[in-house]
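The values are calculated or read from the model by the stated rules, or taken from the named source; none is laboratory data. Please read all numbers here as calculations on a predicted model, not as lab measurements. Because the Cβ atoms are built from the backbone with ideal geometry, glycine has one as well, and the counts that use them run over all protein chains shown. Remember, those area values only see protein heavy atoms, side chains included, never the ligands or the DNA or RNA. Shrake-Rupley method; radii C 1.70, N 1.55, O 1.52, S 1.80 Å.
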Amino acid sequence: MKNLEVLPLISGVCCILGGLGVVLHTNPINKIIMLALLEIGMIGLIVSSYYLDIAIISSICEPICTIILLLGYMKYLTTIKKKKKFGRDLPVLSK
Amino acid sequence: MQILILYLVSLITSIVVAALLKMPLIQKSRPIRFSFETSILFPTPILALGIEAIFRNLFGDYITLAFFAGLFGALLSKYSDKIFGEP
Amino acid sequence: MDEIVVSILKMLVAGAICWINFVIIDTYFGLPEQPGVLGAKMIGEKVKDIGGNLHGGYFMGNIVCSPDASAGTLLASIMNYLMGVEGGLITALLVWIGNRLCADPGYAGTIGALTITAIISLLKPIIEPKYFVAGMVLAIFTIQGLDHKHASLLLGKIAKKMNRGE
Amino acid sequence: MDILEIVIGAVALLMTLRIFLERSRARKLLYLCCLSFCISALIALYVKSPMGGITAIVYFITSTLSSNAIAYTIEQTKHIE
């Protein structure tokens, strides 16, 4: 009979709720916060089976992924705003 | 007893090297708690003691490593704004 | 049954010591006075919208956006539990590097780590270091997790008494 | 199971539920910070060796970097819209 530990239990709950939250929320920044929650659970599951080096590498790579996603989102917003202004200034070319 | 001597060697080395590199004794801009400068008193001894603790746990008790730990601490404190970027 | 009550009492005492340590050091080094980075300003204004204090909101935002004395207290007690007194020095070095990556001067983190190392090495025969780890989690839970409005009001009152803010 | 791990686990479970149910975007970051404290303490209590301590420190500092970037982006996009 294996003894029940706390860390795999909490990490599993974090993974399940994070995965549900990425699907259910609609705002893009809410989706990114839920993705951070899922990554917390994933690192906990890696540590709970004693792969410490892989845990260090993946926790270093986590903010890089988040920053690239956020840069893409800001580029998307500025592109939408510029296209609206362009269409309003030159209405002939928009047809 | 020998551990105390190793820490003292790294502490004195870091202070002497930082004084040779012409760092100020304390931060010039006021108030002190918001300034980004580095001086002899604030980050240099802490960095030297931390590097010495890492070296002693990895390699063992050698007095040469204590000297190099003080040297690295002073250099890291002097050129920190070139490594991490200006705020 | 008796051991459980004793360990819970030790945990509560350690939590009170950690709370006093990190709140006093963070307030002295000017966290409630101004937002260090741009994200802390936004969190402070959002806390003010639900009825809290603005300077207490800046305090909570600065804890989220860079590792300050709260992180120094938790990590130094972890390394004291695992390695002894030398762990506190390694923690001070690593927390300084993390502070500089987040564009923060880094006074609060290193000094918080060194003071909790001194306190733990004084109290080691009575309270073991692993009670400080759980006590720090309870201390951060009362500020960030329980109730944001009343916590920010309390922090604003402390900041006004220590002459930081307003 | 130790009594300390049970207390920290209860706090972490409560924080996970409150992140999932909270409406405001800025106050989710406060709960995320508290959850990160809990997981860092659980890692150190689960792996009883100095390598576990190094893992906990690296995990906590990089998690702080990530939430710093998210808060900065929320402020910027509020200015754009």
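Assorted remarks:
- With the convex hull of its Cα atoms as the shape, the stretch B:5-85 has an orientation-averaged projected area of 5.5 nm².
- Cα-centred dipole magnitude for the protein assembly as shown, charges only on beta-carbon of K, R (+1) and D, E (-1), debye, nearest 20: 1820 debye
- Cβ-placed point charges (K, R +1; D, E -1), dipole of the stretch D:3-79 about Cα centre in debye, nearest 20: 240 debye
- Counting only alpha carbon atoms, the long axis of helix B:2-20 and the longest principal axis of chain B meet at about 30°.
- Hits among lysines - C-alpha to C-alpha of B:LYS78 under 21 Å, sequence gap 8 or more where chains match: B:LYS22, B:LYS28
- Proximal aspartates and glutamates relative to C:LYS124, as straight alpha-carbon distance under 16 Å, when same-chain residues fewer than 8 apart are discounted: C:GLU86
- Rounded to the nearest 20 debye, dipole of the stretch C:1-125 from Cβ charges on Lys, Arg, Asp, Glu: 100 debye
- When the P(r) is computed for the protein assembly as shown, the part past 40 Å accounts for 19% of the Cα-Cα pairs.
- For the protein assembly as shown, with +1 on Lys and Arg beta carbons and -1 on Asp and Glu, the positive-most of A:THR66, C:GLY98, A:ILE29 along the dipole: A:ILE29
- Charge dipole of chain D about the Cα centre (unit charges at C-beta), most positive-ward option of D:ALA56, D:SER67, D:ALA41: D:SER67
- Computed over the stretch D:3-79, the quotient of the alpha carbon radius of gyration and 2.2 N^0.38 Å is 1.26.
- Each of C:ILE4, C:PHE29, C:GLY87 was placed along the dipole of the stretch C:1-137 (beta-carbon charges, centred on the mean Cα), and the one lying farthest toward the positive end is C:PHE29.
- Max mean-square fluctuation residue, GNM over chain D, Cα-Cα springs under 10 Å, options D:ALA41, D:ALA71, D:ALA56: D:ALA71
- For B:LYS22 and C:LEU123, the FRET efficiency from 1/(1 + (r/R0)^6), where r spans their Cβ atoms and R0 equals 41 Å, is about 0.45.
- Label-to-label distance for D:LYS78 and C:ILE97 is 3.4 nm, based on points extended 7 Å past Cα in the beta-carbon direction.
- Averaged over peptide C:7-15, the number of partner chain Cβ atoms lying within 10 Å of each residue's Cβ comes to 1.
- When the surface is traced with a 1.4 Å probe over the full set of protein chains, C:LYS41 keeps roughly 80 Å² accessible.
- Using every pair of distinct Cα positions in the stretch C:17-166, the Kirkwood expression returns a hydrodynamic radius of 15.4 angstrom.
- Cross-link partners of A:LYS83 among aspartates and glutamates (Cα-Cα below 17 Å; sequence separation of 8 or more within a chain): D:GLU81
- Of B:LEU21, B:LEU65, B:LEU75, the one that fluctuates the most in a GNM where chain B has Cα springs shorter than 10 Å: B:LEU21
- In Å², nearest 10: area of C:ASP2 left accessible to a 1.4 Å probe: 120 Å²
- Pairs spanning more than 18 Å between alpha-carbon atoms, out of C:LYS130/D:LYS48; C:LYS10/D:LYS48; A:LYS81/C:LYS41; C:LYS46/C:LYS161: C:LYS10/D:LYS48; A:LYS81/C:LYS41; C:LYS46/C:LYS161.
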